[in-house]
Amino acid sequence: LENLQPEIKGLAERLRCVVSVRGKQLGWSEKVARFHFQKNLRRIVTELYVRDNCHPFKATLLVWVQIPMWVCVSLALRNCSVGAVGSEVQEQFSSGGALWFTDLTAPDSTWILPVSLGLVNLLIVEV
């Protein structure tokens, strides 16, 4: 989208001149000329988005999927670990780890999981 901005600006200037000349020829008011300018500019910008396959909605699509998923996973993990005090789930979490994290209810003292999770999320955002 950023790479298209100079091209859009140039096309908008040319369109402004064309609409201004055409408006004077046909006797359009300022409001009518502005309407035709906006309508044609939207059409041109849409054609550019289609040509370069870079609609702004595509950039936000990942966020609209990722945020609800993150909230659901966070709430599920919180309910499993904190909300299940004294239950069978709490016992399974305290003895069900692997490798260096044998107790899933204890904080990670090595910071391997939080740092790797942060790096993976950064990679997802950058991709």
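The values are calculated or read from the model by the stated rules, or taken from the named source; none is laboratory data. Bear in mind the structure is a predicted one, so any value in this text is a computation, not a measurement. Don't worry about glycine lacking a Cβ; one is built from the backbone with ideal geometry, like all the others, and counts go over all protein chains shown. Heavy atoms of the whole protein, side chains included, go into the accessibility calculation; ligands, DNA and RNA do not. Shrake-Rupley method; radii C 1.70, N 1.55, O 1.52, S 1.80 Å.
Per-structure values
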quantity	calculated
Check on LEU77, in a helix (DSSP H, G or I) and in contact (Cβ under 8 Å) with a residue 24 or more places away in the chain	no
Matching residues in the stretch 48-74 - criterion: being assigned to a helix (DSSP H, G or I), in contact with a helix residue (DSSP H, G or I) (Cβ under 8 Å, 6 or more places away or on another chain) and surrounded by 12 or more Cβ atoms within 10 Å (Cβ to Cβ)	LEU48, TYR49, LEU62, GLN66
Some residue of the stretch 22-41 being surrounded by 13 or more Cβ atoms within 10 Å (Cβ to Cβ), within 29 Å of the chain's Cα centre (by Cα) and not in a loop (DSSP other than H, G, I, E, B)	yes
In the stretch 81-127, residue most open to solvent (accessible area, probe 1.4 Å) [restricted to those that are outside any helix (DSSP H, G or I), among the hydrophobic types (A, V, I, L, M, F, W, C) and modelled with pLDDT of 80 or more]	TRP111
